[in-house]
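Visitor: Below: one structure in structure tokens.
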Amino acid sequence: MEILHTVHEVRQWARRQRAAGRAIHFVPTMGYFHEGHLSLMRRAREDEGAVIVSIFVNPLQFGAGEDFDRYPRDFERDRQMAHSVGVEAIFYPDVAEMYPSGYQTEVRVKELSKPLCGRSRPGHFEGVATVVLKLFNIVTPDRAYFGMKDYQQLRIIQQLVRDMNLPTEIVPCPIVREPDGLAMSSRNVYLTPEERAAATVLYRSLQWAQAQVAAGERDALKIREGVYQQIAAEPRARIDYVEVVDADTLLPVERIERPTLVAVAAFFGAARLIDNCLVSG
Ligand code: PAF
């Protein structure tokens, strides 16, 4: 497996793959891998081509007072895990390589960045869209794989690809969960054992929502209220938002008649966790 640190090295690697007639499949990450990341890499491996992963904790997508400095990092562990699932190259740049002195440009996907996490994390999605566009320009992937836990991020990247005419196919991948339902996240390491147990309320409330919709409930407000009350009843949870939104536009809906996203974000101690499920009327 090759470890590439510079844009130049990645461009040369990509040129070699193309010369050999291979497609390039890309998994962008911030590292500290868990089974969710590995599932994206395995999914990429299923497609014919060379798999490259990036590991870059992107300062642009962290706000003041957020966890950029303490975001978990362990390159050696990540390297071994990526190797174990057949990744062929890792792009592991430093901040100066991605944002050299004099860097100025930012990208904004206007409407999709406003609701949900965009409200409580101003500038976050501009940071995500900017780094993903840069990474796509560097790696030139045929396909890129994104987890559906970060559903808003996925929608923003789909829109970015469409608006900027990028030749990359975005492959959405299912949420990977712990046996008790907690969605896998690098931020789960921040949880104390008590908070870890409490955090399962997110998935339980989403399961309840899914069951209600499957049983015929179409009133989005009732679903939102039910999910909200269940999470609010957990003393260790501090709710950021509970929303029932159109799965394409991410705007609130009154009736569940089209593909709809039930999305939650809550703090458990220092960890801000998100989760979601898709329901359909
Ligand atoms: O989902 C992530 O890990 C990050 O937001 C991404 C897409 C790698 C951009 O930094």
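Visitor: May I ask you to work out the translational diffusion coefficient for the range 85-175 at 37 °C, viscosity 0.692 mPa s, via Stokes-Einstein with Rh from the Kirkwood sum over Cα pairs, reported in whole µm²/s?
Guide: 230 µm²/s
Visitor: Please report, in whole Å³, the volume per residue of the convex hull around the C-alpha atoms of the range 104-226.
Guide: Given the Cα convex hull of the range 104-226, per-residue volume reads 160 Å³.
Visitor: Here is a further query. Quick one: what do you get for the chain if you divide its Cα Rg by 2.2 N^0.38 Å?
Guide: It is 1.02.
Visitor: Rounded to the nearest Å, what's the spacing between the alpha carbon centres of the range 137-205 and the range 22-50? Just the number, please.
Guide: 13 Å
Visitor: Check each of the trypsin sites (Lys or Arg not before Pro) in the range 1-91 and keep only those in coil by DSSP with at most 16 other C-beta atoms within 10 angstrom; list them in order.
Guide: Here the sparse-neighbourhood loop sites are Arg22, Arg70, Arg73.
Visitor: Next question, about the same structure. Using amide H atoms built in the peptide plane, which far-off residues or other-chain residues are under 5 Å from Ser54 H to H?
Guide: Close amide H contacts, sequence-distant or interchain: Val27, Thr29, Phe91.
Visitor: If you don't mind, another one. Given the convex hull over the Cα atoms of the range 7-92, what projected area results after averaging over all orientations, in nm²?
Guide: 6.1 nm²
Visitor: Taking one equal scatterer on every alpha-carbon of the range 171-249, how large is log10 of I(q)/I(0) by Debye at q = 0.23 1/Å?
Guide: For the range 171-249, the Cα-only Debye profile gives -1.23.
Visitor: Something else now. Once you have a ≥ b ≥ c as the square roots of the Cα gyration tensor eigenvalues for the range 209-281, tell me rounded if a/c is under 1.5, and otherwise prolate or oblate according to whether a/b is larger than b/c.
Guide: It comes out prolate by the Cα gyration axes.
Visitor: Residue by residue through the range 233-242, what is 3J(HN,Hα) from phi via Karplus (6.51 cos²θ - 1.76 cosθ + 1.60, θ = phi - 60°)? Round to whole Hz and write x for glycine and proline.
Guide: Those phi angles translate into 6, 8, x, 7, 9, 10, 6, 8, 7, 10 Hz.
Visitor: Okay, moving on. Can you give the calculated 222 nm mean residue ellipticity of the chain, where each DSSP H run of n ≥ 4 adds -39,500 (n - 2.57) and the sum is split over every residue, rounded to the nearest 500 deg cm²/dmol?
Guide: Computed ellipticity for the chain at 222 nm equals -11000 deg cm²/dmol.
All of the numbers you see were taken from the coordinates with simple rules; none came from a lab. Only a predicted model underlies this, so the values are computations on that prediction, with no experimental measurement involved. Using ideal geometry, Cβ is built from the backbone for each residue, glycine included, and neighbour counts are taken over all protein chains shown.
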